[in-house]
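Read through the structure below, which is laid out as structure tokens, and then see the notes.
The values are calculated or read from the model by the stated rules, or taken from the named source; none is laboratory data. No experiment lies behind these values; they were computed from the predicted model shown. Cβ atoms come from the backbone with ideal geometry, glycine included; neighbour counts cover every protein chain shown. Side chains are part of the model used for accessible areas, which takes the heavy atoms of the whole protein and leaves out ligands, DNA and RNA. Shrake-Rupley method; radii C 1.70, N 1.55, O 1.52, S 1.80 Å.
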Amino acid sequence: MAAETLSTTTDRRKAPVLDVTPPRPRGALEDPVWVKALVMAAGLGFLALFILLPLLAVFAEALRRGVGAYWEALVEPDAWSAIVLTLTVAAIAVPANLVFGVCAAWAIAKHRFPGKALLLTLIDLPFSVSPVISGLVYVLLFGAHGLLGPVLREYDIQIIFAVPGLVLATVFITFPFVARELIPLMQAQGNDEEEAAITLGASGWQTFSRVTLPNIKWGLLYGVLLCNARAMGEFGAVSVVSGHIRGETNTMPLHVEILYNEYNFVAAFAVASLLALLAIVTLVAKSLLELRYGAELAATRRH
Amino acid sequence: MSIQLTGITKRFGAFTAVDAVDLSIETGELMALLGPSGSGKTTLLRMIGGLEFADGGSLAIDGVDATVEEPHARGVGFVFQHYALFRHMTVFENVAFGLRVGKRKPKLPEQVIADRVHHLLELVQLRPLAQRYPNQLSGGQRQRVALARALATEPRVLLLDEPFGALDAKVRKELRRWLRDIHKGMGVTTVFVTHDQEEALELADRVCILHQGRIEQVGTPAEVYDMPASAFVCDFLGGGAKLPCTVLNGFADIAGLRVPISNRPPAPGPGIAYVRPHDIELLPGSEADAAAARVTAVQPVGPELRLDLDMGGQVVEAVLDRRTHGHVDLSPGTAVGVRLKRANVYGLGA
């Protein structure tokens with residue numbers, strides 16, 4: 001009885017407060033409409049001006065003299081060889097980083113060993129160092145006057161100003177993408193499932209292929225997509241080691257620069273449009289992955 | 001199958017998790033490893049299972065040395081605290097995993113695997129959920145899948161790490177009874193880790209109580225409850241109020257009361273007595289052979305009445321049956337007489 005009386009008094013005291021509630025209830029974090037509109041307009045306007053407009057400009061410029069000129073610029077031998085070279089470099093660098101990245105992530109996330117912090121720092125190095133310096137490091141190592149230059153010359157192996165140099169520089173630049181994507185994911189998943197697999201009699205390889213790999217596959221795919229986009233688009237490091245030999249060591253980004261410097265704008269933008277297209281495809285694929293496997297990727301979403 | 005641990009030691013850096021433990025587990029026994037967190041119980045279990053390897057000592061399964069044997073070669077089934085189900089596989093595939101992997105030649109025919117998995121799912125009452133994924137199951141269901149998966153390879157020893165730790169009270173109780181039944185039905189030697197003394201006492205044939213990496217006592221639930229070998233064991237198993245006392249010949253003097261000692265009496269001298277809530281008798285007012293106390297709090301909990309008593313500055317907890325506690329007035333502030341039926345007493349050195 002006493003409790004009832006108490007609750008009635010509380011209700012009566014609350015009543016006037018309820019009367020002054022605003023007509024449209026609004027959450028503590030909800031802002032007035034004009035604030036929302038302003039912030040949104042600022043964001044979208046900035047996006048349109050600095051990202052969407054340049055992107056459209058690339059395609060507009062590329063198609064300025066019609067589809068015929070656009071097509072010709074792409075099948076012209078030097079352009080074509082740049083496209084093939086870019087695809088070749090990516091085809092070597094991406095699988096290499098897929099394997100190295102999985103190995104590094106597995107070692108770091110699932111094991112305890114001395115020097116783990118150092119390894120983590122090293123993985124981040126390509127992100128923190130300017131790409132030009134990455135390229136220079138390889139020139140210093142493998143160039144004609146480099147550390148290993150005399151040995152390489154003796155065996156007639158060409159690394160700098162040749163495809164191997166381009167691959168090495170690209171591998172270096174894109175190394176963190178896969179590993180960085182996988183480490184937090186694997187750390188969050190822990191070792192329990194692997195231990196369970198081992199107590200059930202699975203061998204090391206079976207444990208990896210049937211338990212570890214399926215658990216990281218979407219994160220892995222996501223990392224590979226980002227890695228691939230960067231491998232094809234990389235300019236700085238590749239520029240240093242390439243030597244810009246037309247039809248031989250020019251990748252697409254380098255070829256774009258050369259054409260542009262020659263005032264051949266249509267051709268430059270035609271090749272550039274291919275790179276832009278690649279970026280768009282990557283973004284769409286990434287969004288689709290996120291839409292479908294959001295929960296699995298949530299732990300890793302930083303890009 | 002019997003398990004024999006001799007001087008098993010495990011260190012993590014400077015920390016000694018398990019310190020020279022000797023323990024023997026009989027064939028078909030259901031043994032509980034009980035202790036607070038950090039007592040080394042999980043590490044001990046993982047060493048039996050082959051997930052950690054001992055730094056010292058030896059381990060024999062069925063008389064054969066298995067100290068450095070790989071987990072599967074030991075013939076153990078392991079159930080993990082957080083189930084560790086393969087999240088990308090259905091319930092069926094989880095249970096079938098142990099039948100598909102390993103160096104099995106020739107491979108088991110699909111029909112044999114299906115029969116065995118369905119039989120196990122029947123056993124854990126999850127047959128209709130065979131095609132579900134782990135994240136579509138409740139905690140109790142996941143734990144049963146984990147158990148079916150561990151039993152699929154017909155282990156000689158079943159090891160469970162805090163099997164019911166993450167479940168709510170009701171499911172926990174059901175699963176306990178059910179594990180007991182399965183153990184009886186299959187007769188597989190079973191060791192489980194728990195920090196819940198009630199669970200250990202209710203479920204196990206024998207209980208091994210660990211503290212700071214050492215064994216404090218091994219015995220049947222009745223033995224460890226009635227005759228706690230150390231103050232730690234007594235305290236951990238719900239020792240009740242901790243009171244200073246003087247040990248005399250055959251009894252203890254607690255606050256002027258002459259109290260029988262239920263465990264093995266220590267040498268005469270000052271000591272510590274543990275009095276369980278059930279061993280406290282309340283009398284109205286003050287009587288000659290009772291200590292004076294004052295009721296400070298009363299809390300009815302289900303069929304029981306829990307009381308906090310102030311006994312000369314010491315807080316003592318008592319439990320009475322709500323229906324039969326008689327006509328003693330127990331409202332807070334009332335003075336009552338207290339009689340202690342028995343106590344576990346330990347010397348100060350122990």
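Consider only pairs whose beta carbons are under 8 Å apart and that are at least six residues apart or on different chains; among these, list those whose first residue lies in the range A:187-204 and is more than 15 Å from residue B:158 (Cα to Cα) and more than 9 Å from chain B (Cβ to nearest Cβ) and whose second residue is open to solvent by 30 Å² or more (accessible area, probe 1.4 Å) and not aromatic (Phe, Trp, Tyr).
Correct list of pairs: A:188/A:299.
Give the number of residues within the range B:206-232 that are open to solvent by less than 60 Å² (accessible area, probe 1.4 Å), within 13 Å of residue B:33 (Cα to Cα) and in contact with an Asp or Glu (Cβ under 6 Å, 6 or more places away or on another chain).
Adding up the residues that qualify gives 2.
Take the residues of the range A:218-251 that are closer than 22 Å to residue A:101 by Cβ and of a type in the set (D, E, K, R): which is least open to solvent (accessible area, probe 1.4 Å)?
A:234
If we scan the range A:79-100, do we find a residue that is more than 24 Å from residue A:167 (Cβ to Cβ) and surrounded by 14 or more Cβ atoms within 10 Å (Cβ to Cβ)?
no
In the range A:144-173, which residues are crowded, with 19+ Cβ neighbours inside 10 Å and among the small types (Gly, Ala, Ser)?
Result: A:165, A:169.
Answer yes or no as to whether residue A:292 is closer than 19 Å to residue A:84 by Cα, charged (D, E, K, R) and either part of a helix (DSSP H, G or I) or in contact (Cβ under 8 Å) with a residue 40 or more places away in the chain (or both).
So residue A:292 does not fit the description; no.
So, in the range B:293-313, exactly how many residues are closer than 13 Å to residue B:255 by Cβ and modelled with pLDDT of 85 or more?
Result for the range B:293-313: 4.
If I filter the range A:27-37 for residues that are within 34 Å of the chain's Cα centre (by Cα), open to solvent by 60 Å² or more (accessible area, probe 1.4 Å) and at pLDDT 85 or above, do I get at least one hit?
Yes; the residues of the range A:27-37 include at least one that is within 34 Å of the chain's Cα centre (by Cα), open to solvent by 60 Å² or more (accessible area, probe 1.4 Å) and at pLDDT 85 or above.
For the range B:11-127, give me every one of the strands (runs of 3 or more DSSP E) that falls completely inside it and has 2 or more residues that are open to solvent by less than 40 Å² (accessible area, probe 1.4 Å) and away from chain A (no Cβ under 14 Å).
Here the list reads B:15-25, B:30-34, B:56-61.
Would you mind stating whether residue B:200 is buried (at least 16 other Cβ atoms within 10 Å of the Cβ) and either under 15 Å from the mean Cα position of the chain (by Cα) or among the aliphatic types (A, V, I, L, M) (or both)?
It is true that residue B:200 is buried (at least 16 other Cβ atoms within 10 Å of the Cβ) and either under 15 Å from the mean Cα position of the chain (by Cα) or among the aliphatic types (A, V, I, L, M) (or both).
If the requirement is being charged (D, E, K, R) and closer than 23 Å to residue A:58 by Cα, which of these qualifies: A:248, A:262?
Selected residue: A:262, the only one of A:248, A:262 that is charged (D, E, K, R) and closer than 23 Å to residue A:58 by Cα.
Which one of these is more than 10 Å from every other protein chain (Cβ to nearest Cβ), under 19 Å from the mean Cα position of the chain (by Cα) and either assigned to a loop (DSSP other than H, G, I, E, B) or within 26 Å of residue A:88 (Cα to Cα) (or both): A:241, A:167?
Going through A:241, A:167 in turn, just one is more than 10 Å from every other protein chain (Cβ to nearest Cβ), under 19 Å from the mean Cα position of the chain (by Cα) and either assigned to a loop (DSSP other than H, G, I, E, B) or within 26 Å of residue A:88 (Cα to Cα) (or both): A:167.
Take the residues in the range B:265-282 that are hydrophobic (A, V, I, L, M, F, W, C) and part of a strand (DSSP E or B), then tell me which one is surrounded by the fewest Cβ atoms within 10 Å (Cβ to Cβ).
This residue is B:282.
Within the range B:237-257, can you find the residues that are touching a residue at least 24 places away in the same chain (Cβ under 8 Å) and either open to solvent by 30 Å² or more (accessible area, probe 1.4 Å) or among the small types (Gly, Ala, Ser) (or both)?
B:238, B:239, B:240, B:241, B:242, B:244, B:246, B:252, B:255, B:256
Look at residue A:67 and say whether it is in a helix (DSSP H, G or I), in contact (Cβ under 8 Å) with a residue 40 or more places away in the chain and of a type in the set (A, V, I, L, M).
No, not satisfied.
Looking only at the range A:174-201, count how many residues are of a type in the set (Gly, Ala, Ser) and open to solvent by 10 Å² or more (accessible area, probe 1.4 Å).
Counting residues in the range A:174-201 that are of a type in the set (Gly, Ala, Ser) and open to solvent by 10 Å² or more (accessible area, probe 1.4 Å) gives 3.
Within the set of pairs 6 or more residues apart or between chains, which connect a residue that is under 12 Å from residue A:168 (Cα atoms) inside the range A:76-92 to a residue that is open to solvent by less than 60 Å² (accessible area, probe 1.4 Å) and not in a helix (DSSP H, G or I) with Cβ atoms less than 9 Å apart?
A:89/A:234; A:89/A:251
Is the range A:107-114 home to any residue that is under 30 Å from residue A:195 (Cβ atoms), crowded, with 18+ Cβ neighbours inside 10 Å and not β-branched (Val, Ile, Thr)?
Yes.
In this structure, does residue A:215 turn out to be away from every other protein chain (no Cβ under 14 Å) and either over 26 Å from residue B:161 (Cβ atoms) or part of a helix (DSSP H, G or I) (or both)?
no
Of all strands (runs of 3 or more DSSP E) completely enclosed by the range B:289-350, which ones contain at least 3 residues that are out of contact with any Ser or Thr (no Cβ under 9 Å at 6 or more places or on another chain)?
The qualifying strands (runs of 3 or more DSSP E) are B:291-301, B:304-311, B:314-321, B:335-340.
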